[in-house]
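Visitor: Take a look at this one; I'll ask things after.
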Amino acid sequence: GTALLLARDGTRRPIADTTTPIRDDEGLSVGFVLVFRDITERRRLEGELKQRAEALADRDRRKDEFLAMLAHEL
């Protein structure tokens, strides 16, 4: 899952977590391993990628409009 972790300095950091059971020889759960991963950088890169994709889509739209206007003038 994904959650926010409140750090000691008061900042909130996005984390991904994974829980895995620890089983004994009979398959009974005797504990769990919980792993937290800081995904701050991943979120930042996803936002940057989204902005770049939107900018490229806008450029593509403007190119198509220009070509349509040019074709109309010819």
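The values are calculated or read from the model by the stated rules, or taken from the named source; none is laboratory data. Nothing here was measured: the structure is a model prediction, and the numbers come from that model. Ideal geometry is used to build each Cβ from the backbone, glycine not excepted, and the neighbour counts take in all protein chains shown. The area values use the complete protein model at the heavy-atom level, side chains included, leaving out ligands, DNA and RNA. Shrake-Rupley method; radii C 1.70, N 1.55, O 1.52, S 1.80 Å.
Visitor: Just to be sure, is ASP17 among the acidic types (Asp, Glu), touching a residue at least 24 places away in the same chain (Cβ under 8 Å), touching a strand residue (DSSP E or B) at 6+ places or on another chain (Cβ under 9 Å) and surrounded by 10 or more Cβ atoms within 10 Å (Cβ to Cβ)?
Guide: Numbers: among the acidic types (Asp, Glu): yes; touching a residue at least 24 places away in the same chain (Cβ under 8 Å): no; touching a strand residue (DSSP E or B) at 6+ places or on another chain (Cβ under 9 Å): yes; surrounded by 10 or more Cβ atoms within 10 Å (Cβ to Cβ): yes.
The answer is no for ASP17.
Table: residues versus (1) surrounded by 10 or more Cβ atoms within 10 Å (Cβ to Cβ); (2) farther than 19 Å from ALA3 by Cα.
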site: GLU26; (1), (2): no, yes
site: VAL35; (1), (2): yes, no
site: ASP38; (1), (2): yes, no
site: LEU45; (1), (2): yes, no
site: LEU49; (1), (2): yes, yes
site: LEU56; (1), (2): yes, yes
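Visitor: Does LEU70 qualify as being open to solvent by 100 Å² or more (accessible area, probe 1.4 Å) and over 24 Å from the mean Cα position of the chain (by Cα)? Show your work before the answer.
Guide: Details: open to solvent by 100 Å² or more (accessible area, probe 1.4 Å): no; over 24 Å from the mean Cα position of the chain (by Cα): yes.
When the stated conditions are applied, LEU70 does not pass them.
Visitor: Pairs under 6 Å by beta carbon, first residue without any contact (Cβ under 8 Å) to a residue 60 or more places away in the chain in the range 57-74, partner open to solvent by less than 80 Å² (accessible area, probe 1.4 Å) and hydroxyl-bearing (Ser, Thr, Tyr), six or more apart or different chains?
Guide: From the range 57-74, no pairs qualify.
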